1. Among the residues of region A:239-259, how many are among the hydrophobic types (A, V, I, L, M, F, W, C), within 22 Å of A:PRO31 (Cβ to Cβ) and surrounded by fewer than 24 Cβ atoms within 10 Å (Cβ to Cβ)?
2. In region B:63-72, what count of residues is obtained for those that are crowded, with 21+ Cβ neighbours inside 10 Å and assigned to a helix (DSSP H, G or I)?
3. Select from region B:8-54 the residues that are farther than 23 Å from B:ASN198 by Cβ and surrounded by 16 or more Cβ atoms within 10 Å (Cβ to Cβ) and list them in ascending order.
4. Going through region B:189-217 one residue at a time, which ones are surrounded by 21 or more Cβ atoms within 10 Å (Cβ to Cβ), of a type outside the set (D, E, K, R) and more than 14 Å from chain A (Cβ to nearest Cβ)?
5. Tally time: how many residues in region A:224-277 are assigned to a helix (DSSP H, G or I) and either more than 11 Å from chain B (Cβ to nearest Cβ) or in contact (Cβ under 8 Å) with a residue 12 or more places away in the chain (or both)?
6. Of everything in region B:79-89, what is closer than 16 Å to B:ILE51 by Cα and in contact (Cβ under 8 Å) with a residue 60 or more places away in the chain? Give them in sequence order.
7. For region A:56-68, give me each residue that is closer than 19 Å to A:ASN37 by Cα and surrounded by fewer than 23 Cβ atoms within 10 Å (Cβ to Cβ).
8. From (1) more than 14 Å from chain A (Cβ to nearest Cβ); (2) touching a Leu at 6+ places or on another chain (Cβ under 7 Å); (3) at pLDDT below 95; (4) in a helix (DSSP H, G or I), pick out the condition that doesn't hold for B:ASP7.
Amino acid sequence: MSTSRTAPSQPHTQMSPTSTESSSTAQATTPKMRASNVNFYYGSFKALHDVSLSFEANKVTALIGPSGCGKSTFLRNLNRINETLRDTRIEGEITLDGENILDKDVTEIRRRIGMVFQRPNPFPKSIFENIVYGPKINGMLKKTSAAEIVEKSLRRAALWDEVKDKLHESAYAISGGQQQRLCIARALAVDPEVLLLDEPCSALDPIATAKIEDLLVGLKQQCTIVIVTHNMQQAARVADTTGFFLLGKLIEHDKTDVIFKNPAKRETEDYITGRFG
Amino acid sequence: MRPFEEDFKLLNDTLQEMGSLVAHSVHKSVFSLIDRNEDYAHQVLRDESRIDQMEVQIDDLAASLIVREQPVARDMRFVVVAIKINTDLERMGDLAVNVVERTLGMMGQPPLPEMVDFREIANLVESMVLGSLDAFVKRDAQIARGVLTSDDAVDKCRNAIQHQVMNLMQRDPSTIPRAVDHLIIARSLERIADHATNVAEDVIFLVQGIDVRHQATGEAA
């Protein structure tokens, strides 16, 4: 493991021009998660610059910005997936319920903070085995039966009715949109408190996309959701708050309605109206 | 300029052209009223169909932009405002027609026994129309706020005219048909001012993203 960490250089309540945590909603209540003054490096390249952002419980936060702006890098720090990369380094603090996740057991953190990736990536196993994999390695099958967890997770991912008769068939036998919902069901099977999604609909058609979006709106009753998307309309449709990243900096974070109707920063407006660059 | 920006420019230019046409109609209707100018009155009647055509064209351009671009932020505000201003301009054009129709009717009639002076309300209304369009063209919220402050003065003028004409009708019922024309003209001018106020409020939303409708003038700032 080559990732190293350093303590935050500044108190995380401090605001700086580069850490634009402007959301009044995000700060109105104690956040479920909070990133404070996060800097992240790939080798000598600084990919994130002093990013501070709070995620309110049971809300959907969308992260938008051009390719290479750091939004996915930031998302991947929220459950420490970036630690699997060599020669990376993070500074700052990321808390879950007030506790710094950078000091916690990484397996436990990834159970509490699930992740869904851009392309559906089911295991080369049956639908059933995909779902029970997480609960099994987390010792959850002692309390609840596997069949129970599978049904509950697939129902939460709005996939149960479509696959209930082929649970023991290969996960590769279902459509791309269904595979992505299977991946969401797999993430939900371990009852995460936070769900991170990295462009989850970019490989899906509009119908499958709509199903995922409907699903997210329902899922936020049960967990806190952070979604990276290149689809502005998707952010506008599903997110309660939206953060705009540019060149590794959080430029603006506010209620989604505000971001898409009357953003405070010129850079945000230029990007969402297509005048960027 | 990228293609979608050209589409926004076309909508903006068409709306400005319509605004100019409507401003001329209002000016000509006022001129025909004050100076009893029949030629200007007929020009207003002729221009009405062009204004109506432009209303349809602008709605179509705006709908196409929504479908193709799904605008957000200032682009969204612009399209929303364009649709609303379009409606207000078309109504101003209709009201200018009302003014000249009544003016033409009055031209063949003997004057009222007491002169009804429309100059003050006409000047105020015309300046509000020009001000609101100027604010739109320049994207200037300050000019727009200036327009909002004139609305009360127009209402006062209209009330004064109404009071005067009602007195005339009570004193001499034979004047009622002609007096009603005066009341309708005053009412039409006041309504034009209301639409200019709407345009000014829309400009403030366009420029600043804030909604100042249904607030006292002082709070609008």
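The values are calculated or read from the model by the stated rules, or taken from the named source; none is laboratory data. Given the structure is predicted, the values throughout are model-derived calculations rather than measurements. Here the Cβ is made from the backbone with ideal geometry for all residues, glycine too, and neighbour counts use every protein chain on show.
1. Of region A:239-259, the ones among the hydrophobic types (A, V, I, L, M, F, W, C) are A:239, A:244-247, A:250-251, A:258-259.
Next cut, within 22 Å of A:PRO31 (Cβ to Cβ) only: A:239, A:244-245, A:250-251, A:258-259.
Still in the list and also surrounded by fewer than 24 Cβ atoms within 10 Å (Cβ to Cβ): A:251, A:258.
So the count comes out to 2.
2. Going residue by residue through region B:63-72, those that are crowded, with 21+ Cβ neighbours inside 10 Å are B:65, B:71-72.
Subsequent filtering for residues that are assigned to a helix (DSSP H, G or I) retains B:65.
So the answer is 1.
3. If the condition is that a residue be farther than 23 Å from B:ASN198 by Cβ and surrounded by 16 or more Cβ atoms within 10 Å (Cβ to Cβ), then B:PHE31, B:SER32, B:ASN37, B:TYR40, B:ALA41, B:GLN43, B:LEU45 are the ones that fit.
4. Residues satisfying the conditions are B:LEU189, B:ILE192, B:ALA193, B:HIS195, B:ALA196, B:THR197, B:VAL199, B:ALA200, B:VAL203.
5. Residues of region A:224-277 assigned to a helix (DSSP H, G or I): A:232-238, A:256-261, A:266-272.
Pick out the ones that are also either more than 11 Å from chain B (Cβ to nearest Cβ) or in contact (Cβ under 8 Å) with a residue 12 or more places away in the chain (or both) and you get A:232, A:234-238, A:256, A:259-260, A:267-268, A:271-272.
Looking only at that region, the number is 13.
6. Taking region B:79-89 as the starting set, the residues that turn out to be closer than 16 Å to B:ILE51 by Cα are B:82-89.
Correct list: B:ALA82, B:LYS84, B:ILE85, B:ASN86, B:ASP88, B:LEU89.
7. Hit for region A:56-68 is A:GLU56, nothing else.
8. The single condition B:ASP7 does not satisfy is (1).
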